[in-house]
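The block underneath contains the structure these notes are about, expressed in structure tokens.
The values are calculated or read from the model by the stated rules, or taken from the named source; none is laboratory data. Remember, predicted model here, so these are calculated numbers, not experimental data. Note: ideal-geometry Cβ built from the backbone for every residue, glycine included; neighbour counts use all protein chains shown.
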Amino acid sequence: MTNEKQLRVALYARVSTRDKGQNPELQLSELRDYAKARGWQVIGQFVDVGVSGSKDSRPKLDGMMRLAKARKLDVIAVWKLDRFGRSLRHLVDALAELEAVGVAFVSLRDNLDLSTPSRRALIILQASIIAAAAYYVLIGLSCVLRGKIYPSTGTMPAPNAGLTIGRGAATIEPRCAFFLS
């Protein structure tokens, strides 16, 4: 016998149109199977049908978020991020709201699971790596655009501009040298 508390999960699905053969059951059946495999108690299925993801108000999503803020559930599970977030800003804000009240978030198809500390740590690590990579790409682009990484004829090396590689093949600003190593 385990002393673990069974987590209460709300499942959210959305389809944009009512009349084009879209059926939220595809999303819900996968979410129910996932919740069952995790041993979670499904406390509700919240489905917005015929509602665009860009709408400010989605009745079922809004109701589910009210339950989350009232701490009546432990996890929100969605089939895919684009079913949940109106925009990147909305997604970030909603995840921050959920984090503030201790509600985890899972996006099944995006393989995003914030339901355990180790999974949250992994996501933070991945986000940090992505942010660092983006930073270095921006520095590299800046170096190229400012002409700090350029082919040199060797006849006019820029004095004290940085590190010269080879026999005048290129003159590189020190912070830009990273990109050629």
| task | Could you check Leu91 against (1) assigned to a loop (DSSP other than H, G, I, E, B); (2) of a type outside the set (S, T, N, Q); (3) surrounded by 15 or more Cβ atoms within 10 Å (Cβ to Cβ); (4) at pLDDT below 90 and say which number it fails? | result | (1)
| Going through the stretch 25-34 one residue at a time, which ones are out of contact with any helix residue (DSSP H, G or I) (no Cβ under 9 Å at 6 or more places or on another chain) and either at pLDDT 95 or above or buried (at least 16 other Cβ atoms within 10 Å of the Cβ) (or both)? | Leu28, Ser29, Glu30, Leu31, Arg32, Asp33, Tyr34
| said: Looking only at the stretch 71-98, how many residues end up being of a type in the set (A, V, I, L, M, F, W, C) and either free of Cβ contacts under 8 Å to residues at least 12 places away in the same chain or within 13 Å of Arg58 (Cβ to Cβ) (or both)? | reply: 7
| message | Cβ contacts < 9 Å: first residue within 17 Å of Arg66 (Cβ to Cβ), restricted to the stretch 99-114; second residue of a type in the set (Gly, Ala, Ser) and in a helix (DSSP H, G or I), any location; separation 6+ or different chain. Result? | response | Val101/Ala68; Val103/Ala68; Phe105/Ala94
| task | State yes or no: is Val49 within 22 Å of Glu25 (Cβ to Cβ) and surrounded by fewer than 18 Cβ atoms within 10 Å (Cβ to Cβ)? | result | yes
